[in-house]
Amino acid sequence: MTYKRPADRYTKQAKAEGFAARSVYKLEEIDRRTKLLRPGLRVLDLGAAPGSWTQYVAPKVGPKGKVVAIDLDPLRVACGPNVQALEMDALGDLSVLDPYGPFDLVLSDMAPHTTGTPFADAARSEELVDRVLDVCERLLVPGGNVVAKLFRGEGFEALRARMRGIFSDVRLIKPEASRRESVELFLVGLGRKPPAPAEPAK
Ligand SMILES: C[S@@+](CC[C@H](N)C(=O)[O-])C[C@H]1O[C@@H](n2cnc3c(N)ncnc32)[C@H](O)[C@@H]1O
């Protein structure tokens, strides 16, 4: 028998407001606190299904901006002309994304299928955040920002250190809509530093 969580106020609010998931209120709070979104931005949304973050972002960036929404699964919402949805594995070949970049903002709400073993779940979540940072190094413009969901585990400090190498300001946010018992938190990197110049050939 599968356990069905009772609908909390965010689940009810998401349903009433037509959002695909309650996760939208996590992004809304992060956006309120860090002023991430504005018209014209080019946004990569990783782990986008069923689609509530994409629903939130698309009108904020407007017709001059765009959202490229990636997931293993299809989005379950209708999207406007400024959204392009791709079914793909973010742990696969990143060069597939090159034609869609560069981006001003990278979002990741990616989460592994949980196994019930916190150590293993955190390790797989860390692998996903590491991959988000690879994407940032490849496709995020200097000055650009990132939000990445992480299940906090042993690799947390190493990931935060890597982020500090890439971004001028690194913050941790646990939004109110994030369930208190969950180990999830959001790493926010603001202001991508200019990439280090390539070493001259010897
Ligand atoms: C919590 S859900 C995202 C909810 C979404 N932000 C929304 O607001 O509707 C996590 C998503 O991460 C996706 N995901 C996990 N691993 C992935 C991977 N390697 N590549 C692409 N998507 C992945 C899952 O398929 C799942 O849809």
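No lab work stands behind these numbers, since they all come straight from the coordinates. Source: prediction; values computed, not measured. So basically every Cβ, Gly included, is an ideal-geometry build from the backbone, and we count neighbours across all protein chains shown.
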For P102, what is the net charge nearby, where nearby means another residue's Cβ is under 12 Å from its Cβ and Lys, Arg count +1, Asp, Glu -1?
-> +1
FRET efficiency, 1/(1 + (r/R0)^6) with R0 22 Å, evaluated for T34 and D134 via beta carbons = 0.50
Sum of side-chain charges, P39 neighbourhood, beta-carbon under 9 Å (Lys, Arg +1; Asp, Glu -1) | +3
Looking at the chain, what % of its DSSP beta bridges pair antiparallel, to the nearest 5?
-> 40 percent
With a 10 Å Cβ neighbour count serving as the proxy for reagent exposure, in which order, fewest first, do V77, V147, V141 appear?
-> V141, V77, V147
How much net charge surrounds D73 when only other residues with a Cβ under 14 Å from its Cβ are counted (Lys, Arg +1; Asp, Glu -1)?
-> -4
Specify the longest stretch of the chain that does not include any exposed loop site, a site being one of the GluC sites (Glu not before Pro) with a non-H, G, I, E, B DSSP assignment and at most 14 other Cβ atoms within 10 Å.
-> 1-153
Ranking of S95, S168, S178, S52 by count of other Cβ atoms within 10 Å, fewest first = S95, S168, S178, S52
Here, R179 and R160, labelled 7 Å along Cα→Cβ, have an inter-label distance in nm of 2.5 nm
Average projected area of the Cα convex hull of the chain, in nm²?
-> 12.8 nm²
With DSSP loop assignment and no more than 15 other C-beta atoms within 10 Å, the trypsin sites (Lys or Arg not before Pro) in region 60-112 are K64, R76
Among K12/K64; K15/K64; K35/K149, the pairs whose Cα-Cα distance exceeds 26 Å are K12/K64; K15/K64
Here region 144-153 yields Karplus 3J(HN,Hα) values (6.51, -1.76, 1.60; θ = phi - 60°; whole Hz; Gly and Pro given as x) of x, 10, 9, 10, 9, 6, 9, 8, 5, x
